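The values are calculated or read from the model by the stated rules, or taken from the named source; none is laboratory data. Only a predicted model underlies this, so the values are computations on that prediction, with no experimental measurement involved. Positions of Cβ are generated from backbone atoms using ideal geometry, with glycine treated the same way; all protein chains shown enter the neighbour counts.
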Amino acid sequence: MRSPLLELHGAVAADAPDDDIAAHYGEPAQEQRALESGTGFVDRSNRGVVRVTGPDRLSWLHSLLSQRLDVLPPHEPTQALLLDANGRVEHHLHLVDDGEAVLAHVEPGAAPALTAFLDRMRFMLRVEVADVTGEYAAVTGPASFPGPAFPDVAGLTTTLVPRAELAALTAASGLRPAGLWAYEALRIAAHTPRFGLDSDERAIPHEMGWIEDAVHLNKGCYRGQETVARVHNLGRPPRRLVFLHLDGSVDRLPAHGDPVEIPGGRTVGFVGSAARHHELGPVALALVKRNVPVDAELLAGGVAAAQEVIVSPDTGANAQIALRRQPTRRA
């Protein structure tokens, strides 16, 4: 669903899966500074939106998702995951209940599949599920737009506004439009993974660092809970999310899916997303094998990279945390 803000002067469309919104409006660095200072906003209207109504909606979603939702207060946003039977993440939801319905925003193109799955799981419960992406558009910036709101990275707020009013609302805000490149740079710098870019079809919650925000560890059963409990109690997921400081002398960024290698050619993971931060320079998120030493120098798509730990290699409630480092060489 192509955004009307792509008609603004200087707008350049982003790459898939975000090609319906702008990557930038001609001045990426200035747009990033405006967004960080609270004087800009990002059009993220390509995100999917799902609505769940009915008196059983919270207890029903509680039984399906990783978060405790049966006692969720109205207007309190949270995150949740839909897992498969093996604990692998299928959807990452940002959701809020307004007292009458739950609204959730998800990755671009994900709403139809999520809606279809939820609809199959209704059975005899008093719930209705609808893909309402055509009704709502996500906008990220300061908390100045009316509508259901969700805290986001770098002190920003994502708000669901009526799609029909997107162009008028943003024009009237007095804020500078900033492209997705600006938001992605702040997101990566905040160590916040994006489902489908920084994860793959095998990703589990502990690998991505989603345990604290999107998983309740003391709730009833839900699909995939066994994997969550096993890693939580025993620690050591197979992989871990890392933040990469990339070599700034290289005139390109690694692409999504590029291999992450130990110098010498052994592949130990893949690049998720990369961006140019206005202060940190080129940065990226990557998913690497758990046993990669935390101070190992890496190559990300051929670009030299120093890693910063996001997820400990020994994450888990009862694990003894001892970061593995490269052995000290003696002279």
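Test of understanding: among Glu212, Glu261, Glu207, Glu226, which residue is under 29 Å from Ala137 (Cβ atoms) and of a type in the set (Asp, Glu)? Break it down stepwise before answering.
Numbers: Glu261 fails: under 29 Å from Ala137 (Cβ atoms); Glu207 fails: under 29 Å from Ala137 (Cβ atoms); Glu226 fails: under 29 Å from Ala137 (Cβ atoms).
Going through Glu212, Glu261, Glu207, Glu226 in turn, just one is under 29 Å from Ala137 (Cβ atoms) and of a type in the set (Asp, Glu): Glu212.
Only one of (1) part of a helix (DSSP H, G or I); (2) surrounded by 22 or more Cβ atoms within 10 Å (Cβ to Cβ) is not met by Ser66, so which one is it?
(1)
I'm checking my understanding of the structure. Among residues of the stretch 277-300 that are over 21 Å from Leu197 (Cβ atoms) and of a type in the set (A, V, I, L, M), which one is surrounded by the fewest Cβ atoms within 10 Å (Cβ to Cβ)?
Val294
I want to confirm something. Restricting to the stretch 1-52 and keeping residues that are within 15 Å of Glu107 (Cα to Cα) and outside any loop (DSSP other than H, G, I, E, B), which single residue is nearest to the chain's Cα centre (by Cα)?
Gly48
Which one is nearest to Ser249 (Cα to Cα) among residues in the stretch 280-324 that are at pLDDT below 95 and among the acidic types (Asp, Glu)?
Glu297
What tally of residues in the stretch 197-212 results from selecting those that are surrounded by 15 or more Cβ atoms within 10 Å (Cβ to Cβ) and either out of contact with any His (no Cβ under 8 Å at 6 or more places or on another chain) or among the hydroxyl-bearing types (Ser, Thr, Tyr) (or both)? Talk me through it step by step, then tell me what you get.
Let us first name the residues in the stretch 197-212 that are surrounded by 15 or more Cβ atoms within 10 Å (Cβ to Cβ), namely 197-200, 203-211.
From what's left, either out of contact with any His (no Cβ under 8 Å at 6 or more places or on another chain) or among the hydroxyl-bearing types (Ser, Thr, Tyr) (or both): 198-200, 203-205, 207-208.
The number of residues fulfilling the criteria is 8.
I'm trying to understand the selection: among the residues of the stretch 124-163, which are surrounded by fewer than 20 Cβ atoms within 10 Å (Cβ to Cβ), hydroxyl-bearing (Ser, Thr, Tyr) and at pLDDT 95 or above?
Thr157 - this is the single residue of the stretch 124-163 that is surrounded by fewer than 20 Cβ atoms within 10 Å (Cβ to Cβ), hydroxyl-bearing (Ser, Thr, Tyr) and at pLDDT 95 or above.
With Ala22, Ala101 as the choices, which residue is surrounded by fewer than 22 Cβ atoms within 10 Å (Cβ to Cβ) and in contact (Cβ under 8 Å) with a residue 40 or more places away in the chain? Spell out how you get there, then give the answer.
Numbers: Ala22 fails: surrounded by fewer than 22 Cβ atoms within 10 Å (Cβ to Cβ).
Among Ala22, Ala101, only Ala101 is surrounded by fewer than 22 Cβ atoms within 10 Å (Cβ to Cβ) and in contact (Cβ under 8 Å) with a residue 40 or more places away in the chain.
Let's see how each residue does on (1) under 20 Å from Ile21 (Cα atoms); (2) out of contact with any Asp or Glu (no Cβ under 7 Å at 6 or more places or on another chain); (3) in the same structural domain as Thr78 (by TED's automatic domain parsing):
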| position | (1), (2), (3) |
| --- | --- |
| Val106 | yes, yes, yes |
| Ala111 | yes, no, yes |
| Ala116 | no, yes, yes |
| Arg120 | no, yes, yes |
| Leu125 | no, no, yes |
| Thr140 | yes, no, no |
| Phe145 | yes, yes, no |
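Which residues, taken from the stretch 229-257, are surrounded by 16 or more Cβ atoms within 10 Å (Cβ to Cβ) and at pLDDT 95 or above?
Listed by number, the residues that qualify are Arg239, Arg240, Leu241, Val242, Phe243, Leu244, His245, Leu246, Leu253, Pro254, His256.
Restricting to the stretch 26-43, and then to whatever is touching a strand residue (DSSP E or B) at 6+ places or on another chain (Cβ under 7 Å) and surrounded by fewer than 21 Cβ atoms within 10 Å (Cβ to Cβ), can you tell me which residue is farthest from Ala101 (Cα to Cα)?
Ala34
So, Ala190, is that one farther than 18 Å from Gly269 by Cβ, of a type in the set (Gly, Ala, Ser) and within 14 Å of the chain's Cα centre (by Cα) or not?
Working: farther than 18 Å from Gly269 by Cβ: yes; of a type in the set (Gly, Ala, Ser): yes; within 14 Å of the chain's Cα centre (by Cα): yes.
The answer is yes for Ala190.
Against the conditions (1) closer than 26 Å to Glu100 by Cα; (2) in contact (Cβ under 8 Å) with a residue 60 or more places away in the chain, where does Gly179 fall short? Just the number, please.
(1)
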